[in-house]
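Worksheet: the structure to be examined is printed underneath.
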Amino acid sequence: MVLECNFYICQKQNEVLTCVLTGFIVDTYPNSNIVMMMKMKQIAYVFLAVSMFSCVSRNARQEETASLAAVDSLSVEMGFPTLIKQAGRRLFVNHSMSDEGMIDVIDIDGDSVAYSFALHGQGPDEFLQIASMDVVDRGGHSYFTVFDNLKREYVTYSVDSLDATKGRCRPVSRKSLPPSSRYLEVYELDGMYVATGRTAKKFSLLDPQDMHRLRSCCDYLSGGFEDTDSMTLSKANFGCQYVSSRRDRVAGVVFMGGTLSVYAVADDSLRTEWTYTCSPFKYSKDGSSLRFESPVGYLAAGFSDDGVVALYCGEADKDDGSNFGKELHLFDRKGVLKKKLQLDAGWYNFTIDSAGRFIYAIAYNPDPKLLIYRI
């Protein structure tokens, strides 16, 4: 009986106490053998201690903590980027200081800005505000996409054409969204587009032809305010989305909720595949304002060959708004946290290269710098 309980303890860690106590209730043994019963209790306590140590050790292995140091860095001068994407040996970052455009294209091998593009303005090939960027692979060719949430335009460039013309090429497509839309992000999925913003549901799925909404799906985190209107919930759930290279999954972070979720494309919609919460989603309302009462959670995420990589902050919001990630959390494909990596610098955002070998991170200390890490 003791051996069976020991095995059961390791398989059902959350039922350790129940298993041992129910296995050694006095009434389950003959009253004539109380001495033997007491000895078996003592043995049970020994096995309990050993088993709990064994199970805790296994948990520690599942959530192993280690450190991660940069293997290289880029000293290129740039603006103060918040977004970063990779295509081949190029990095795309926003908030350029160049007069030639709002986006810097950085040559990794040359440690320099190869060119800048995306002029600021209201012209046909100009942008007012770059809200989201992405790199999409189609038929062996890479395309760089930009969503301007003020002009409500989703623009696609050929990376090969950008390189050949040093950013002077016209986009291969420009899609206008409905004037009444209030999206903050737009990304390409397999056969449709997904958008987030000031909407009734978390995701809006868009028709690839006219960019009108086909359907909405997935609820917001409520924080206990079940009767809160969708606009307030959309503000409270502000975060970022990251699409897998196959365009079949979306990883979403909620900045003030400590929540990371992965959604799968299924039946022309999105369904929640798994959610991991490291701190509660909690806020209070002061009139029309929201006051967050949880620490800043996950800042960014990305897909690796083995699962999902997420940048964790875990700090209360600072007065200057300078929150940076201090840990990298590695999840398997089922959403189990396998490892925590302590970073040697505070990250703001990152991207994983298409081969899944390196991470390129935006770090501030205090000036921006691009750091390279081996996964």
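The values are calculated or read from the model by the stated rules, or taken from the named source; none is laboratory data. Computed from a predicted model, the values in this text were never measured in an experiment. Neighbour counts are summed over all protein chains in view; Cβ atoms, including those assigned to glycine, are modelled from backbone coordinates with ideal geometry. These area figures cover heavy atoms from the full protein model, side chains too; ligands, DNA and RNA do not enter into them. Shrake-Rupley method; radii C 1.70, N 1.55, O 1.52, S 1.80 Å.
Of a type in the set (A, V, I, L, M, F, W, C), under 21 Å from Asp305 (Cα atoms) and open to solvent by 30 Å² or more (accessible area, probe 1.4 Å): does that describe Val250? Spelling it out, it is not the case that Val250 is of a type in the set (A, V, I, L, M, F, W, C), under 21 Å from Asp305 (Cα atoms) and open to solvent by 30 Å² or more (accessible area, probe 1.4 Å). Filtered by the rule that a residue be open to solvent by 20 Å² or more (accessible area, probe 1.4 Å) and among the β-branched types (Val, Ile, Thr), the stretch 341-375 gives Ile352, Ile375.
If only residues of the stretch 135-146 that are open to solvent by 40 Å² or more (accessible area, probe 1.4 Å) and in a strand (DSSP E or B) are counted, the one that is farthest from Thr196 (Cα to Cα) is His141.
The residue list Asp353, Asp344, Asp332 contains one member that is among the charged types (D, E, K, R) and over 18 Å from the mean Cα position of the chain (by Cα), which is Asp344. The condition of being open to solvent by 10 Å² or more (accessible area, probe 1.4 Å), in a loop (DSSP other than H, G, I, E, B) and more than 23 Å from Tyr263 (Cα to Cα) does not hold for Lys175. Any residue at all in the stretch 319-333 that is out of contact with any Cys (no Cβ under 6 Å at 6 or more places or on another chain), in contact (Cβ under 8 Å) with a residue 40 or more places away in the chain, assigned to a strand (DSSP E or B) and aromatic (Phe, Trp, Tyr)? Yes, the conditions are met somewhere in the stretch 319-333. The strands (runs of 3 or more DSSP E) located wholly in the stretch 217-271 that include 3 or more residues which are within 17 Å of Ala195 (Cα to Cα) and without any contact (Cβ under 8 Å) to a residue 60 or more places away in the chain occupy 249-254, 259-266. In the stretch 214-234, the condition of being open to solvent by 20 Å² or more (accessible area, probe 1.4 Å), modelled with pLDDT of 95 or more and in contact with an Asp or Glu (Cβ under 8 Å, 6 or more places away or on another chain) is met by at least one residue. Taking the stretch 92-113 on its own, how many of its residues are in a strand (DSSP E or B), surrounded by fewer than 18 Cβ atoms within 10 Å (Cβ to Cβ) and of a type outside the set (Ser, Thr, Tyr)? Residues that pass the stated criteria total 1. When we screen Lys334, Lys338 for residues that are under 20 Å from Cys218 (Cα atoms) and open to solvent by 70 Å² or more (accessible area, probe 1.4 Å), the only hit is Lys334. Among the residues of the stretch 312-319, not a single one is open to solvent by less than 30 Å² (accessible area, probe 1.4 Å) and touching a Lys or Arg at 6+ places or on another chain (Cβ under 6 Å).
Of the numbered criteria (1) surrounded by 13 or more Cβ atoms within 10 Å (Cβ to Cβ); (2) under 16 Å from Asp190 (Cβ atoms); (3) not small (Gly, Ala, Ser), the one Leu290 fails is (2). Considered as a group, the residues in the stretch 119-129 that are at pLDDT below 95 and within 16 Å of Asp99 (Cα to Cα) include one that is most open to solvent (accessible area, probe 1.4 Å), and that residue is Gln122.
From Ser132, Ser116, Ser67, Ser158, which residue is among the hydroxyl-bearing types (Ser, Thr, Tyr), touching a strand residue (DSSP E or B) at 6+ places or on another chain (Cβ under 8 Å) and open to solvent by 50 Å² or more (accessible area, probe 1.4 Å)?
From the options Ser132, Ser116, Ser67, Ser158, the qualifying one is Ser67.
Here Met192 does not qualify as more than 30 Å from Asp332 (Cβ to Cβ) and surrounded by fewer than 20 Cβ atoms within 10 Å (Cβ to Cβ).
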